[in-house]
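Before any comments, here is the structure.
The values are calculated or read from the model by the stated rules, or taken from the named source; none is laboratory data. The shown structure was predicted, so the numbers you read here are calculated from the model rather than taken from an experiment. As a convention, Cβ positions derive from the backbone with ideal geometry for all residues, glycine included, and neighbour counts pool all protein chains shown. Just the protein is used for accessible areas: all its heavy atoms, side chains included, with ligands, DNA and RNA removed. Shrake-Rupley method; radii C 1.70, N 1.55, O 1.52, S 1.80 Å.
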Amino acid sequence: MASLKVKFRESIHADTEGSIYYQIIHGRLTRQISTSYKLYSTEWDFEHSSPVLPSDRRRLVKVKKVIEMIRSDINRLSKIINHFDKQFLPYSAIDIVEEYKRYNGRYTVFRFMKAAISMFKERGSIRTAETYYATLRSFRKFRNNEDLMIDRVTADIVELYEAYLKKKKLMPNTISFYLRILRAVYNRAVEHGAVDQTFPFRHVYTGVDKTVKRALPANKIRCIRRLDLSKNPSLDLARDIFILSFILRGMSFVDMAFLRKSDLKNGLLTYRRRKTGQQLVIKWTSEMQDIIDKYPENQSQYLLPIIRRDSDNERSTYRYMSSRINHDLKIVAAMAGVTIPLTLYVARHSWASIAKSKGIPLSIISEGMGHDTETTTQIYLATLDTSAIDRANSIIIKSI
């Protein structure tokens, strides 16, 4: 079995930090692995080959960090050696060093997340790739762009990250979202055998709180609908998309953006929800057509004036338009006397809330989309005669 030692190389210059390295000996072959860890000679116990905690508090934090990193590296190297031993195949000190370098090049948090993002993109799971990228960007800011090995993701680091997100005054569900993605990355590394499961997320909240419903009454929707915004095309478009989302039974913006012209046939709009895969059919009405007719026909394959050209950056266009429309809706809200933050998501809840207020049976719209998961609501609706839902939608549209 290979032997593994931690060594310290003093600096040739006085009052300058020396370097820590690892020595690996196997089969009469010796190899070294350099590290970036540096300490003063007074902070090193030469007899026991280990750091010594200094009395200087300014150095104490750094030395403790070096001790933690050495412990992590030695644990990683020991696992590599044990893995080679269990294979009962010949190996050398060079093999150990190469495997250690390969691990360090692959299993850092940033690099591993980037690899996962690329994999999701190749599979066509664009939305999942975007959520991983958003989490990576957040975690990099938390770390001041300093990467770390996945096996150094400890409970302390996870709790510090949660505290960082709370300090930024993010909503609990947003904080939980980032932590769940980071946990998924960690668990994926466990599956790869890159790290032992130590459950570092056990002390942070990764659940989902029920979202406070943000719904407008019919008279406010009516007020928004009747605003004269002809002199401001940007606000006019934001208002029209909001109203269209409402009269399309609270259709989500991503589904609206990617509606194709071919989805509208014989007075029926048929599409499949991007979030759940559930197919929905909506009766096309004159109110819907009136909004479409306000705008020049798209040169792209898409129905609505959101993505206007077929290109490779359609997702970027969708994200830009979503941000722009939600920004403009804040101005529209002020003009209509709406006090709650107005977003496209409000149209969805408003349709459900107004449906309930109109006495629409819960079997047609389940408690104003009050199920714990949106998928449950959509599955419930899918079992119904679509004509019943169309009649309900007609009642709701007439109310505004």
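Write out, first by first residue and then by second, each pair whose Cβ atoms fall under 9 Å of each other, whose residues are 6+ apart or on separate chains, and whose first residue, in segment 344-360, is closer than 14 Å to M251 by Cα while the second is of a type in the set (D, E) and surrounded by fewer than 20 Cβ atoms within 10 Å (Cβ to Cβ).
A352/E367
Collect the residues in segment 230-249 that are open to solvent by 10 Å² or more (accessible area, probe 1.4 Å), closer than 25 Å to S394 by Cβ and at pLDDT below 95, keeping them in residue-number order.
R249
Inside segment 113-145, can you point out the residues that are over 13 Å from the mean Cα position of the chain (by Cα), within 23 Å of H192 (Cα to Cα) and in a loop (DSSP other than H, G, I, E, B)?
G124
Which residue out of I25, I12 is closer than 21 Å to K86 by Cα and either without any contact (Cβ under 8 Å) to a residue 24 or more places away in the chain or open to solvent by 40 Å² or more (accessible area, probe 1.4 Å) (or both)? Give the steps one after another, and end with the answer.
On the way: I12 fails: closer than 21 Å to K86 by Cα.
Within the list I25, I12, the selection yields I25.
Restricting attention to segment 255-283, and to residues there that are hydrophobic (A, V, I, L, M, F, W, C) and surrounded by fewer than 17 Cβ atoms within 10 Å (Cβ to Cβ), which single residue is farthest from S125 (Cα to Cα)?
From segment 255-283, those hydrophobic (A, V, I, L, M, F, W, C) are 256-259, 264, 268-269, 280-282; that's our starting set.
In the following step, the residues that additionally are surrounded by fewer than 17 Cβ atoms within 10 Å (Cβ to Cβ) were identified as 268, 281.
Details: L268: 28, V281: 24 Å.
In this case the residue turns out to be L268.
May I ask you to say which residue of A215, A194, A189, A184 is at pLDDT below 95 and either within 18 Å of the chain's Cα centre (by Cα) or open to solvent by 50 Å² or more (accessible area, probe 1.4 Å) (or both)? Lay out the reasoning, then the answer.
Details: A215 fails: either within 18 Å of the chain's Cα centre (by Cα) or open to solvent by 50 Å² or more (accessible area, probe 1.4 Å) (or both); A194 fails: either within 18 Å of the chain's Cα centre (by Cα) or open to solvent by 50 Å² or more (accessible area, probe 1.4 Å) (or both); A184 fails: at pLDDT below 95.
Just a single option satisfies the conditions, and that option is A189.
Please count how many residues of segment 332-352 are β-branched (V, I, T) and assigned to a helix (DSSP H, G or I). Before you say what the answer is, go through the steps one by one.
Of all residues in segment 332-352, those β-branched (V, I, T) come to 332, 338-340, 343, 346.
Next cut, assigned to a helix (DSSP H, G or I) only: 332, 346.
So the answer is 2.
Please tell me if S252 is of a type in the set (S, T, Y), in contact with a Ser or Thr (Cβ under 9 Å, 6 or more places away or on another chain), modelled with pLDDT under 95 and open to solvent by 20 Å² or more (accessible area, probe 1.4 Å).
Working: of a type in the set (S, T, Y): yes; in contact with a Ser or Thr (Cβ under 9 Å, 6 or more places away or on another chain): yes; modelled with pLDDT under 95: yes; open to solvent by 20 Å² or more (accessible area, probe 1.4 Å): yes.
Yes; evaluated as a whole, the condition is true for this residue.
Assess whether I94 counts as being assigned to a helix (DSSP H, G or I) and open to solvent by less than 60 Å² (accessible area, probe 1.4 Å). If you could, list the steps in order and put the result at the bottom.
Numbers: assigned to a helix (DSSP H, G or I): yes; open to solvent by less than 60 Å² (accessible area, probe 1.4 Å): no.
In short, no.
Please determine, by comparing only the residues of segment 157-180 that are of a type outside the set (A, V, I, L, M, F, W, C) and closer than 20 Å to A194 by Cβ, which one is least open to solvent (accessible area, probe 1.4 Å). Talk me through it step by step, then tell me what you get.
Our first condition is that a residue be of a type outside the set (A, V, I, L, M, F, W, C); within segment 157-180, this holds for 159, 161-162, 164, 166-169, 172-174, 176, 178, 180.
Applying the additional criterion that residues be closer than 20 Å to A194 by Cβ yields 161, 180.
On the way: Y161: 0, R180: 74 Å².
Top of the filtered list is Y161.
Hey, among the residues in segment 296-347 that are over 19 Å from P233 (Cβ atoms), at pLDDT 90 or above and small (G, A, S), which one's farthest from the chain's Cα centre (by Cα)?
Looking at the filtered set, the residue picked out is G337.
Please determine whether any residue of segment 135-154 is farther than 30 Å from P54 by Cα and touching a strand residue (DSSP E or B) at 6+ places or on another chain (Cβ under 9 Å).
First, the residues of segment 135-154 that are farther than 30 Å from P54 by Cα: 135-141.
Filter once more, keeping what is touching a strand residue (DSSP E or B) at 6+ places or on another chain (Cβ under 9 Å): none.
No, segment 135-154 contains no residue that is farther than 30 Å from P54 by Cα and touching a strand residue (DSSP E or B) at 6+ places or on another chain (Cβ under 9 Å).
Given the residues V153, V204, V190, which is the only one that is without any contact (Cβ under 8 Å) to a residue 60 or more places away in the chain and more than 20 Å from A115 (Cβ to Cβ)? Show your work before the answer.
On the way: V153 fails: more than 20 Å from A115 (Cβ to Cβ); V190 fails: more than 20 Å from A115 (Cβ to Cβ).
Only one candidate passes the filter, namely V204.
Could you say whether any residue in segment 36-47 is more than 22 Å from H192 (Cβ to Cβ), among the charged types (D, E, K, R), open to solvent by less than 30 Å² (accessible area, probe 1.4 Å) and over 33 Å from the mean Cα position of the chain (by Cα)?
Step one: of segment 36-47, the residues more than 22 Å from H192 (Cβ to Cβ) are 36-47.
If we keep only those that are among the charged types (D, E, K, R) too, we end up with 38, 43, 45, 47.
This time we only want the ones that are open to solvent by less than 30 Å² (accessible area, probe 1.4 Å), so: 43.
From what's left, over 33 Å from the mean Cα position of the chain (by Cα): 43.
Within segment 36-47, one or more residues are more than 22 Å from H192 (Cβ to Cβ), among the charged types (D, E, K, R), open to solvent by less than 30 Å² (accessible area, probe 1.4 Å) and over 33 Å from the mean Cα position of the chain (by Cα).
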